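Reviewing the structure listed below.
Every number in this text was worked out from the coordinates using simple rules, so none of it is lab data. For clarity, every value in this text was computed on a predicted model and none was experimentally measured. Backbone-built Cβ (ideal geometry, glycine too); neighbour counts: all protein chains shown.
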Amino acid sequence: MAEELVKKIVEEIHGSPPQAVVAVAGAGSQAVAWLLGVAGASRTLLEVLVPYGRLSMIDFLGHELAQFVSAEAAGDMANAAYRRAVKLRESDQPVLGLACTATIATDRTKKGEHRAYVAAWDQSGCMVYSLHLHKGLRGREGEEELVSLLLIHALAEASGIGQDAGPESHVSLGLTENDGLERLWTEHPEPIELLLEGGVNSVTVQPGGGMLMDQTWQGAVLPGSFRPLHKGHDNLAQAAGEILGRPVIFELSVLNVDKPPLESGDIKERLGQFAGRHAVVLTRAETFRKKADIFPGCTFVIGWDTAVRLVAPGYYGDSTSNMLTALAEIWAADCRFLVAGRQDQGQYKALKDVPIPEGFHPMFQELPESLFREDISSTALRAEP
């Protein structure tokens, strides 16, 4: 393919909104060189990964693949790249994960066919390209170029360039009748279902009902079960926002440490309480250690009773070491806690009544009683007729 045509396509990619994490294994390195060789690459590329070895791939995906070169493997890699892109982005620009896994000509004879699978994963779905090569027609250099061209095409299509055009609209792959190229688009399930399946880590639900998956959040987070949402939550969010000088969002985890996951119907019922009032983010983070991964740099707004559980070894398998490790990892994520007092057995308990381990006091800040005190019990409210 003409070098100038590749450059033109890459320039269009760099001028489009999406940013990407790209992962390649087996082939596709030429595409990375093309992307980096044109000015503006930093507008497109967040990171490039080459998980070539088995352990490297396991570390990247979080699990072992049944088969390294397959459509399923490419989809898993693209999903992992997308998750990485969400974590690395610094703005609200759209992101995508682009991946390639391939087995092509090398310095030894291969018994199997030469093939490549390219996948592009974004918020709405995943496109997988399955390329079966005319074995023996091209050397390694030729097959590498072909796979890299397919990667560039996939990135261009995922970036919205030349939408609704044919499979070779961006690049001429030069396929023969003995080559084969198939495309399969899979739309993601509804956001809440995708969250329950583990396809995304969070879903932010706007007051008007709109949903955004894996959105970053810069502010404070007020976690809870919200059974029900009551004025105490509203007033706590307001007071926390005033003292922190940051916006506060409510967070509801669909997973629980000692209870079954919430079902879709239950989630939607609780979301109904926020409709027209507040944004709420749904997560799969049942512990604050996991919440810190989703909300790095955030302050968690919690009550005295939650703070006590947070520093109790009993909630970490009766292990003080595990508790201290979790606190250290939360702190390493630049997260803090704003603690509101509450009444317990007729007495008002506050931050001073929390047995914070030595060295961790800077992580905790008290919300003064003068700014917030609501002696409201969700349990009592649920018991009301």
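General observations
- With a cut-off of 11 Å between beta carbons, the residues surrounding L194 carry a summed charge of -4, where Lys and Arg count +1 and Asp and Glu -1.
- For region 3-188, alpha-carbon Rg relative to the globular expectation (2.2 N^0.38 Å, N residues): 0.96
- Per-residue ellipticity at 222 nm, computed for the chain from helices alone with -39500 (n - 2.57) per DSSP H run of at least four residues, works out to -10000 deg cm²/dmol.
- Structure-derived Cα Rg over 2.2 N^0.38 Å: which label, when the choices are (1) 0.88; (2) 1.18; (3) 0.95: (2)
- The residue list L133, T106, A116 was ranked by how far each Cα lies along the charge dipole of region 105-167 toward its positive end, using unit charges on Cβ atoms, and T106 comes out on top.
- Within the chain, longest stretch clear of exposed trypsin sites (Lys or Arg not before Pro) (DSSP loop, no more than 14 other Cβ within 10 Å): 112-276
- Expressed to the nearest 5 percent, the antiparallel share of DSSP beta bridges inside the chain is 50 percent.
- Counting only Cβ charges, +1 for Lys and Arg and -1 for Asp and Glu, the dipole size of region 3-188 around its Cα centre is about 480 debye.
- Which of L46, A350, G174, positive extreme of dipole for the chain (C-beta unit charges): A350
- For the chain, the number of Lys pairs with C-alpha atoms closer than 16 Å, counting only pairs eight or more positions apart or on separate chains, is 4.
- Here's how it looks for G303: its modeled amide H is under 5 Å from those of A340, which are all 5 or more places away or on a different chain.
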